[in-house]
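K.L.:
First, the structure itself, so that you have it in front of you.
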Amino acid sequence: MTLIPGRTSKQGTSLNAGKLKAEYLEVTSTVEMNEDDMKKMKLKDGDRVRLRSPEGEVVVTCRPKKASDLPSGIIFMAYGPSSSELMGSDTAGSGMPLSKQIEVRVEAVGAGEEG
Amino acid sequence: MSDKDNMTDNGTNTETSAAAKADAKAAPGAASGAAPGAAPKNGGDHIKIVKNATCTFCGCVCDDMDLTVDLKEKRITKAKNACVLGRAWFAEHTIEDRPAALIDGREASVEEAVEEAARILLEARYPITYGLSDSTCEAQRVAVAISDIVKGSVDTTTSVCHGPSGIAFQGVGETTSTLGEVKNRADLVIYWGGNPAESHPRHFTRYAVTPKGMHIPNGKKDRTVVLVDVRKTPSAPVSDIFIQVKPGRDFELLWTLRALVNGKKITADVEELTGVARETLDDLVARMKSCSYGVLFFGMGLTMTRGRHFNSGAVLALAADLNQYAPFVAKPVRGHGNVTGADNVVSWQTGYPFGVNFNRGFPRFNPGEFTTVDVLARGEADAALVIATDPASNFPKKAIETLRRIPVISLDTKPTETSRLARVAFSVATYGINTGGTVYRMDDVPITLRPAFESPYPGDEEILTAIRDKILALRPPRQDAAADRAAP
Ligand code: SF4
């Protein structure tokens, strides 16, 4: 799937409060997914998923979005430590990593699996 | 624009409204703990109103804030006209109880920390300076001087936001205008790859969509708003037309539009390629050619995806083409409060907007070589001066690993991942709230800040000036001529 990190108002307001505070950490570790994709993967609202890119992996909470708002195959999350973990550092000579187009594998995290 | 009547030359003077003064006499000392949002009706003499203050949270740099300041509690209790992000910006920047400086996590005096910072930068073989987009132009200028003296690199957060657009400007040029012109003239407003409803909430209401203008007497009714994005964002309800492009296909879509505008034939597979139907494209082209003033605002959905500067270049080229039919401009929507100032300051000091290296004693520009993500990911930098940004939490992992290894000097208003790993960490005053100075709005209009209350911490400019002076004092004499030029 393609991960698109971006800004949200909540990420913006919680950033003002402080990046080391719980609210910022929570908004930046939640991912939005097309509801049909979630059904196919047998995921419910609030389930934990593991995102894996060639760079690294993170475990985040997943929330459904209507298919008309978020097309199948795309997932969205607010910028933050989790998106950094997945981002490659190759800028193709531009200075800019591909921060809004990260190919990731998504898998459900079973109960008790999270260390 | 702000009226400048009540400011001194350096713009640091603020204004106390007559009403607040009168209230203060009537009820001294009352309502000391004014709740957020409470009017200063019966506030004491510690309540100050700052008119036409500036919010520097995002690139809109709204300069119509009326701030109610509780001077005793040192906080802003009300920010009239601010959006949700602006309100959080003003409400959360209170004075926290933290040491002004830390060395290796231990409390230190500012002088000791300045000396340690100067020593680190002088001893490094490849020191880099990064950040600067949430700092005043005055502070940015000193940061460039430091990089020049220590022969390092200077780069701003532009390299990871609209850096590709900066590259495109050099290749394609820019048809541009101020937001005032957009407000007064634009009847076709296209947002491409951006979500202002969540990132720049007042872009719609103050500049580009709802305001009434000289030639737009009915505001939104007189404008057509188009949104192009890969997902239906919260900005979609504002638009009259929403066009959903396939991820990573912006360049193809823009180039197709250019072809249509210029009367060229296009192949039948355009919908399959871009996700957009031919009729939608024809309709958009007709609107673009028949409008009386058009604007293309583009966001990081273009610069941070496949194509990068080619995408930005395609937008700029499309806007240029459209000038055959009507005045048409293209503007990047800039994120941080003074990222536009950073581009301006670094450009007028070095000739280039970002990613500049002084290693040979003169400035060189090469994105990919001197830009911060690259320099860190390759492990080349051996010291970093980070100002008002947090690469340790938003850079790619490889770059963060280098930051953990090398001595870092950080200047920030709040503790961050970067300040946590820094060898030397300064707590600084917040620009626009505690310090004056100049910032550039996203359309390159400079705006003077009116601070609300004093902070016990020094501002970026003060710390950077102290570091620069210390470097000049410590460095071996007559190292090079460039440094002498940068000396005060
Ligand atoms: S739009 Fe931006 S500058 Fe204006 S009030 Fe909101 S956050 Fe501040």
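Quick note: the coordinates plus some simple rules give every number you see, no bench work behind them. Note that the coordinates shown come from a computational prediction; the quantities given were computed from them, not determined experimentally. In this analysis, Cβ positions are derived from the backbone assuming ideal geometry, glycine residues included, and neighbour counts consider all displayed protein chains.
K.L.:
Give me the extension gain from B:Lys221 to B:Arg119: residue separation times 0.36 nm, minus the current Cα-Cα distance, reported in nm with one decimal. Each step should come with its number before you reach the end.
P.N.:
Working: separation 102, 0.36 × 102 = 36.72 nm, distance 6.01 nm.
Length gained between B:Lys221 and B:Arg119: 30.7 nm.
K.L.:
Which value in nm describes the separation of the simple spin-label points at A:Asp90 and A:Lys42, placed 7 Å from the Cα toward the beta carbon?
P.N.:
Simple spin-label model gives 3.5 nm for this pair.
K.L.:
Could I have the simple spin-label model distance between B:Asp283 and B:Lys72, label points 7 Å from Cα toward Cβ, reported in nm to one decimal?
P.N.:
Taking the simple label geometry, B:Asp283 and B:Lys72 are separated by 6.0 nm.
K.L.:
Further, regarding this structure: Rounded if a/c is under 1.5, else prolate if a/b is larger than b/c, else oblate: which is the range A:52-115, with a ≥ b ≥ c the root eigenvalues of its Cα gyration tensor? Present the calculation step by step, with values, prior to reporting the outcome.
P.N.:
Numbers: a/c = 2.40, a/b = 1.31, b/c = 1.83.
Oblate, because a/c is 1.5 or more while a/b does not exceed b/c.
K.L.:
Apply the a/c threshold of 1.5 to the C-alpha gyration tensor of chain B and tell me whether it is rounded, prolate or oblate.
P.N.:
Values: a/c = 2.13, a/b = 1.22, b/c = 1.75.
Cα axes put chain B in the oblate bin.
K.L.:
Could you work out how far the C-alpha centroid of the range B:282-313 sits from that of the range B:405-431, in angstrom?
P.N.:
38
K.L.:
Another question about this same structure. Could you tell me the center-to-center distance, by alpha carbons, between the range B:153-199 and the range B:92-130 in angstrom?
P.N.:
34
K.L.:
Given Cα pairs under 8 Å that are at least 6 residues apart, what percent is the relative contact order of chain B? Mind showing how you got there, number by number?
P.N.:
Values: 1073 pairs, mean separation 107.0, N = 488.
It comes to 22 percent, rounded to a whole number.
K.L.:
At a Förster radius of 51 Å, what calculated FRET efficiency corresponds to the Cβ-Cβ distance of A:Lys66 and B:Trp348, to the nearest 0.05?
P.N.:
Values: r = 48 Å, r/R0 = 0.94.
Plugging the Cβ-Cβ distance into 1/(1 + (r/R0)^6) gives 0.60.
K.L.:
Using a/c under 1.5 as the rounded threshold, could you call the range B:163-332 rounded, prolate or oblate? The axes a ≥ b ≥ c are square roots of the C-alpha gyration tensor eigenvalues, and prolate needs a/b larger than b/c, oblate otherwise. Please list the in-between numbers first.
P.N.:
On the way: a/c = 1.36, a/b = 1.32, b/c = 1.03.
The shape class here is rounded.
K.L.:
Further question: When Lys and Arg each count +1 and Asp and Glu each count -1, what net charge do the other residues less than 14 Å away from B:Gly166, Cβ to Cβ, add up to? Intermediate values should be presented prior to the final figure.
P.N.:
Details: positive: B:Arg308, B:Lys331, B:Arg334; negative: B:Asp155, B:Glu174, B:Asp343, B:Asp444.
Net of charged neighbours comes to -1.
K.L.:
Additional query: Convert 10 °C to kelvin, take the viscosity as 1.306 mPa s, use the Kirkwood radius over C-alpha pairs of the range B:69-115 as Rh, and evaluate the Stokes-Einstein diffusion coefficient in µm²/s, rounded to a whole number.
P.N.:
Working: Rh = 12.9 Å.
Estimated via Stokes-Einstein, D reaches 123 µm²/s.
K.L.:
Sort B:Phe57, B:Phe362 by Cβ crowding within 10 Å, fewest neighbours at the top. Intermediate values should be presented prior to the final figure.
P.N.:
Numbers: B:Phe57 27, B:Phe362 11.
Ranked by crowding around the Cβ, least crowded first: B:Phe362, B:Phe57.
K.L.:
Next question. Any idea how far the Cα center of the range A:46-110 sits from the one of the range B:316-333, in Å?
P.N.:
33
K.L.:
Here's something else I'd like to know. Only residues of the range B:317-352 count here: report those whose backbone N is under 15 Å from the spot 7 Å along Cα→Cβ of B:Asn262, or say none.
P.N.:
Flagged as within label range: B:317-325.
K.L.:
Of the cross-linked pairs B:Lys74/B:Lys414; A:Lys10/A:Lys65; A:Lys19/B:Lys151; B:Lys221/B:Lys289; A:Lys42/B:Lys397; A:Lys100/B:Lys183, which ones have a Cα-Cα span greater than 25 Å in the structure shown? If you can, show how the numbers build up before the last one.
P.N.:
Numbers: B:Lys74/B:Lys414 16 Å; A:Lys10/A:Lys65 17 Å; A:Lys19/B:Lys151 32 Å; B:Lys221/B:Lys289 19 Å; A:Lys42/B:Lys397 31 Å; A:Lys100/B:Lys183 30 Å.
Distance filter (> 25 Å) returns A:Lys19/B:Lys151; A:Lys42/B:Lys397; A:Lys100/B:Lys183.
K.L.:
On a full-extension model of 0.36 nm per residue, what is the gain between B:Gln170 and B:Glu401, subtracting their alpha-carbon distance, rounded to one decimal in nm? Can you show the working numbers first?
P.N.:
Numbers: separation 231, 0.36 × 231 = 83.16 nm, distance 3.25 nm.
The B:Gln170-B:Glu401 span can extend by a further 79.9 nm.
K.L.:
Just want the ordering: B:Phe242, B:Phe453, B:Phe354, from fewest to most Cβ atoms lying within 10 Å of their own Cβ. Before the final figure, lay out the partial values.
P.N.:
Working: B:Phe242 16, B:Phe453 23, B:Phe354 32.
If I rank by nearby Cβ atoms, fewest first, I get B:Phe242, B:Phe453, B:Phe354.
K.L.:
First select every other residue whose beta carbon is under 12 angstrom from the beta carbon of B:Pro332; then total the charges, Lys and Arg +1, Asp and Glu -1. Could the numbers behind the result be given before it?
P.N.:
Values: positive: B:Lys331, B:Arg334; negative: B:Glu174, B:Asp343, B:Asp443, B:Asp444.
Counting the neighbours of B:Pro332, the net charge comes to -2.
K.L.:
Please report the antiparallel percentage of the DSSP beta bridges confined to chain B, to the nearest 5. Let's see the in-between values first.
P.N.:
Details: 26 of 63 bridges.
So the antiparallel bridges in chain B amount to around 40 percent.
K.L.:
May I pose another question? Full-extension gain between B:Phe362 and B:Ser290, please, as 0.36 nm times their residue separation minus the C-alpha to C-alpha distance. Please report the intermediate quantities before stating the final value.
P.N.:
Details: separation 72, 0.36 × 72 = 25.92 nm, distance 4.81 nm.
Gain on extension, B:Phe362 to B:Ser290, equals 21.1 nm.
K.L.:
Which FRET efficiency value, to the nearest 0.05, is calculated for B:Leu474 and A:Arg105 with the Förster distance at 45 angstrom and r the Cβ-Cβ distance? Don't skip to the end; give the middle numbers.
P.N.:
Numbers: r = 51 Å, r/R0 = 1.14.
In this case the efficiency is close to 0.30.
K.L.:
Another question, if that's okay. Can you tell me the relative contact order of the range B:163-332? Whole percent, Cα pairs under 8 Å, sequence separation 6 or more. Working shown, then result.
P.N.:
Working: 311 pairs, mean separation 54.7, N = 170.
This gives 32 percent for the range B:163-332.
K.L.:
Also, quick follow-up: Can you list the trypsin sites (Lys or Arg not before Pro) in the range A:1-108 that are in a DSSP coil and have 15 or fewer other beta carbons within 10 angstrom?
P.N.:
Values: sites: A:Arg7, A:Lys10, A:Lys19, A:Lys21, A:Lys39, A:Lys40, A:Lys42, A:Lys44, A:Arg48, A:Arg50, A:Arg52, A:Lys65, A:Lys66, A:Lys100, A:Arg105; in loops: A:Arg7, A:Lys19, A:Lys21, A:Lys42, A:Lys44, A:Lys66, A:Lys100.
Sites meeting the loop and neighbour criteria: A:Lys21, A:Lys42, A:Lys44, A:Lys66.
K.L.:
Provide the FRET efficiency to the nearest 0.05 for the B:Asp45-B:Glu112 pair, computing r from the beta carbons and using R0 = 30 Å.
P.N.:
Details: r = 38 Å, r/R0 = 1.26.
FRET efficiency, B:Asp45 to B:Glu112: 0.20.
K.L.:
With an 8 Å cut-off on Cα pairs and a minimum separation of 6 or more residues, tell me the relative contact order of chain A in percent. Don't skip to the answer; put the middle values down first.
P.N.:
Values: 213 pairs, mean separation 43.9, N = 115.
Rounded, it is 38 percent for chain A.
K.L.:
Report the antiparallel proportion of the DSSP beta bridges in the protein assembly as shown as a percent, rounded to a multiple of 5. Numbers along the way, then the final one.
P.N.:
Numbers: 40 of 87 bridges.
If I count the DSSP bridges inside the protein assembly as shown, around 45 percent turn out antiparallel.
K.L.:
I've got another one for you. Sort B:Asp250, B:Asp187 so that the residue with the fewest other Cβ atoms within 10 Å of its own Cβ comes first and the one with the most comes last.
P.N.:
Details: B:Asp250 27, B:Asp187 18.
Lowest to highest Cβ neighbour count: B:Asp187, B:Asp250.
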